[in-house]
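Q: Structure provided below as structure tokens; questions to follow.
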Ligand code: ZN
């Protein structure tokens with residue numbers, strides 16, 4: 001095939017996605033070029049919709065179509081317990097495990113000096129502003145990675161002396177992995193076996 005600017009652009013856009021190298025991006029581009037026009041357009045529409053209609057919940061910073069999100073506005077959830085996670089995908093994983101009935105707070109990542117992610121880059125102030133005497137426990141459920149563990153230590157110090165129980169989900173999750181990759185049973189056990197930090 002002749003060089004084509006539009007083709008190159010799509011290859012470039014796709015190869016910017018996580019886990020997609022140049023080869024895969026080319027393969028996907030060829031696939032998309034052969035797709036029925038209506039299917040290709042609904043794919044592009046879906047990308048546009050997800051970007052335009054999904055926002056961060058102003059309370060917990062999870063992705064949502066409504067603000068506050070469904071979890072924050074669910075009267076059946078226990079609002080006295082806040083589970084702190086790194087990313088919205090972690091909320092999904094915990095919700096799927098079905099063992100937790102409290103609310104969440106999404107930090108938007110973990111502390112990582114090498115990537116210039118310090119406390120100001122995370123939703124930490126927003127977390128402390130949610131804390132009052134109706135909160136009985138904060139469960140730290142950052143990933144069992146170096147960054148996740150140092151974020152947990154930082155949080156434990158930040159939250160100490162604020163009058164609520166501060167816990168960390170138990171080890172048993174494979175070290176260095178992401179919460180979202182843990183199976184339901186492991187995730188459920190790590191919630192049940194959470195440890196007091198402060
Ligand atoms: Zn929310």
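The values are calculated or read from the model by the stated rules, or taken from the named source; none is laboratory data. Quick caveat: nothing in here was measured; it's all calculated off a predicted structure. Every residue, glycine among them, receives a Cβ derived from its backbone with ideal geometry; neighbour counts consider all protein chains shown.
Q: Evaluate the following for residue 90: is it assigned by TED's automatic domain parsing to the domain that holds residue 133, surrounded by 15 or more Cβ atoms within 10 Å (Cβ to Cβ) and more than 11 Å from the ligand (Cβ to nearest atom)?
A: yes
Q: Right, here's the next one. Within segment 125-157, can you find the residues that are surrounded by 14 or more Cβ atoms within 10 Å (Cβ to Cβ) and over 21 Å from the mean Cα position of the chain (by Cα)?
A: The answer is 135, 136.
Q: On the given criteria, is residue 71 part of a strand (DSSP E or B), within 13 Å of the ligand (Cβ to nearest atom) and touching a strand residue (DSSP E or B) at 6+ places or on another chain (Cβ under 7 Å)?
A: No.
Q: A follow-up question, please. List pairs: first residue in segment 55-68 and without any contact (Cβ under 8 Å) to a residue 12 or more places away in the chain and within 10 Å of residue 103 (Cβ to Cβ), second residue outside any strand (DSSP E or B) and near the ligand (Cβ under 6 Å from one of its atoms) anywhere in the structure, Cβ distance under 7 angstrom, at least six positions apart or on different chains.
A: Close Cβ pairs satisfying both conditions: 68/57; 68/59.
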